[in-house]
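Visitor: Okay, handing you the structure first.
The values are calculated or read from the model by the stated rules, or taken from the named source; none is laboratory data. Note that the structure is a prediction, hence the values are computed from the model and not measured. Using ideal geometry, Cβ is built from the backbone for each residue, glycine included, and neighbour counts are taken over all protein chains shown. All accessible areas refer to the heavy atoms of the entire protein, side chains included, with ligands and DNA or RNA removed. Shrake-Rupley method; radii C 1.70, N 1.55, O 1.52, S 1.80 Å.
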Amino acid sequence: MKHTIIAASLVACAGLSQAAAGDYASVQVDHVKDSKSGAVSTAQYFRAGTAAYGLNLDAQVRTAVFSKGGMLNSVELTAGKGLGPINVFGGLGHDNGFNGAKGGSYDYGLVGVSAGYGIGKAYGFGGVKTRLNWEASNPRQTVAFAGVSYALTKSLSVDADWSKSYGNIKEDALGLGMRVSF
C-alpha cells in the first residue's frame, strides 16, 4: 500500500506541475490465465502519465486477484523518450509478493519499447518490456503487448488489449479499459 501511495503521489505532482497534452489516467481490467498452472486471475490496473522535461513519465499499479484465492500487487514507475512513433523506456518496479508475504517482496528494473499509430479515432499500439532483476532468485518476465484505443470524445477513450508474458511468469491476458486525457 505504501508503494501505491508513493506512485500515485509522484504522478499527481508531475501532472500538477507539468500540464501537457500527454497527461492521462486510465483504469483497466484484464482476464489473466497462467500458461503453466492454468490459474485464473483478474488483474486491475491504474495507470497515469504526463509528458515533462522531454520525457514520457508513467506510473502503473497492478493488483491481481486469483479465482482460487490470493493476491499479487506491483508498482512500476518509468521514464521514456519518444523517437517518432517509438517510445523507449526504463524504470523501477516493486512487487509485493503473493499475499504480501513477509520476505516475498522484491524490487526490479525494467526496460522496454512501444510504438503506436493513429488512424482516425483509433490508435493501435504494441510493444515489449522485460524485468531486470537484482537477485537471480526473483522471477524473470518479459511481456509482449498489443491493442487498440478508440476515442469516444476528445478526452475519453476505450482501450482493448492483449498481452503474453514469457520467462518464469507465463501468462496470457485480455483487457478492457477507459482512458481520460487532460
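Visitor: If Gly54 passes every condition in (1) open to solvent by 30 Å² or more (accessible area, probe 1.4 Å); (2) within 12 Å of the chain's Cα centre (by Cα) but one, which one does it miss?
Guide: (2)
Residue by residue, here is whether (1) over 24 Å from Leu152 (Cα atoms); (2) touching a strand residue (DSSP E or B) at 6+ places or on another chain (Cβ under 8 Å) holds:
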position	(1), (2)
Gly69	yes, no
Ala79	yes, yes
Asp95	yes, yes
Ser114	no, yes
Lys121	no, yes
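Visitor: Can I ask one more? Consider segment 1-46. How many of its residues are modelled with pLDDT of 90 or more, among the hydroxyl-bearing types (Ser, Thr, Tyr) and within 14 Å of the chain's Cα centre (by Cα)?
Guide: Qualifying residue count for the region: 3.
Visitor: Now a separate question. For the condition touching an Asp or Glu at 6+ places or on another chain (Cβ under 9 Å) and either surrounded by 19 or more Cβ atoms within 10 Å (Cβ to Cβ) or at pLDDT below 95 (or both), what is the one hit in Gly84, Gly49, Gly100? Steps first, answer last, please.
Guide: Working: Gly84 fails: touching an Asp or Glu at 6+ places or on another chain (Cβ under 9 Å); Gly100 fails: touching an Asp or Glu at 6+ places or on another chain (Cβ under 9 Å).
So the residue among Gly84, Gly49, Gly100 that is touching an Asp or Glu at 6+ places or on another chain (Cβ under 9 Å) and either surrounded by 19 or more Cβ atoms within 10 Å (Cβ to Cβ) or at pLDDT below 95 (or both) is Gly49.
Visitor: Quick one: would you say Ser74 is in contact with a Phe, Trp or Tyr (Cβ under 6 Å, 6 or more places away or on another chain), within 26 Å of Lys102 (Cα to Cα) and open to solvent by less than 30 Å² (accessible area, probe 1.4 Å)? Walk me through it before giving the result.
Guide: Values: in contact with a Phe, Trp or Tyr (Cβ under 6 Å, 6 or more places away or on another chain): no; within 26 Å of Lys102 (Cα to Cα): yes; open to solvent by less than 30 Å² (accessible area, probe 1.4 Å): yes.
Here the answer is no, as Ser74 does not meet what is asked.
Visitor: Could you please let me know if Ser149 is within 17 Å of the chain's Cα centre (by Cα) and within 15 Å of Ser35 (Cβ to Cβ)? Spell out how you get there, then give the answer.
Guide: Numbers: within 17 Å of the chain's Cα centre (by Cα): yes; within 15 Å of Ser35 (Cβ to Cβ): no.
No: the conditions fail for Ser149.
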